[in-house]
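One structure below.
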């Protein structure tokens, strides 16, 4: 997936950014997005120092993350059910058209998949990951991590 | 958690501190971003720009602090504002916390 037209995102009224990708990349992108969510809500900690926050404040963070998760899931369902709105055919490839706000959302979802997959792998250093002889389950997580990173990088190009 | 590993530029609201001593007293919470090997460097820079409205150079400087020093002190704020920032940063998947500046 590569950026072919970018306008400065997040400015209302500006034209959206356009990415070119192959039909296979589209399948992979959608398959990656279907892995959402990956992170356990217990991952989110308000503070490392127990004296800096109260249990109720920690609980509020968890609730906020849960609410965000529900919103992302709802939006993803809409994205999957109406993907023709985003993807247009262009010769043998596809064009994915996204507004700045849609890119921002997609980035967050992809990053959740990346971070969540890494946490499920046991939060290893990346050097350790590369030396792994992964099980099937670990290989799936590694693939999810790498693919989400790949699509994130393509999206980030539009912001740079 | 009295000090950060690295110096940071003053928060945008520094002028307020001079005119509002109560707020100055209340701003005893540090928002810290901790390093992890999984968040992409460009992504972290982008998140700092989005959440704090920082120019890219400042966002990138803090990202590099996280990467090289293990953490970066992002802002010093009241509890409510610090909590708001932590919610936002964690919503983006960053490893950010608030700590009382003692």
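Return the total of residues in the stretch A:71-87 being part of a helix (DSSP H, G or I) and under 19 Å from residue A:113 (Cβ atoms).
11
If the requirement is being at pLDDT 95 or above, more than 26 Å from residue A:121 (Cα to Cα) and out of contact with any helix residue (DSSP H, G or I) (no Cβ under 6 Å at 6 or more places or on another chain), which of these qualifies: A:75, A:69?
Going through A:75, A:69 in turn, just one is at pLDDT 95 or above, more than 26 Å from residue A:121 (Cα to Cα) and out of contact with any helix residue (DSSP H, G or I) (no Cβ under 6 Å at 6 or more places or on another chain): A:75.
Of all residues being at the interface with chain A (Cβ under 9 Å from one of its Cβ atoms) and assigned to a helix (DSSP H, G or I) in the stretch B:25-44, which is surrounded by the most Cβ atoms within 10 Å (Cβ to Cβ)? Just the residue, please.
It comes out as B:43.
Please find, among A:57, A:68, A:38, the residue that is surrounded by 15 or more Cβ atoms within 10 Å (Cβ to Cβ), under 17 Å from the mean Cα position of the chain (by Cα) and either outside any loop (DSSP other than H, G, I, E, B) or away from every other protein chain (no Cβ under 14 Å) (or both).
A:68
Any residue at all in the stretch A:23-33 that's part of a helix (DSSP H, G or I), at the interface with another protein chain (Cβ under 8 Å from one of its Cβ atoms) and surrounded by 15 or more Cβ atoms within 10 Å (Cβ to Cβ)?
Among the residues of the stretch A:23-33, not one is part of a helix (DSSP H, G or I), at the interface with another protein chain (Cβ under 8 Å from one of its Cβ atoms) and surrounded by 15 or more Cβ atoms within 10 Å (Cβ to Cβ), which makes the answer no.
Looking at the structure I just gave you, is residue A:114 within 14 Å of chain B (Cβ to nearest Cβ), surrounded by 15 or more Cβ atoms within 10 Å (Cβ to Cβ) and more than 30 Å from residue B:29 (Cα to Cα)?
It is false that residue A:114 is within 14 Å of chain B (Cβ to nearest Cβ), surrounded by 15 or more Cβ atoms within 10 Å (Cβ to Cβ) and more than 30 Å from residue B:29 (Cα to Cα).
Could you grab me the full set of residues in the stretch B:45-70 that are within 10 Å of chain A (Cβ to nearest Cβ) and either buried (at least 18 other Cβ atoms within 10 Å of the Cβ) or within 26 Å of residue A:117 (Cα to Cα) (or both)?
Correct list: B:45, B:46, B:47, B:49, B:50.
The values are calculated or read from the model by the stated rules, or taken from the named source; none is laboratory data. None of these values were measured; they are calculated from a predicted model. Virtual Cβ from ideal backbone geometry, glycine too; neighbours counted across all protein chains shown.
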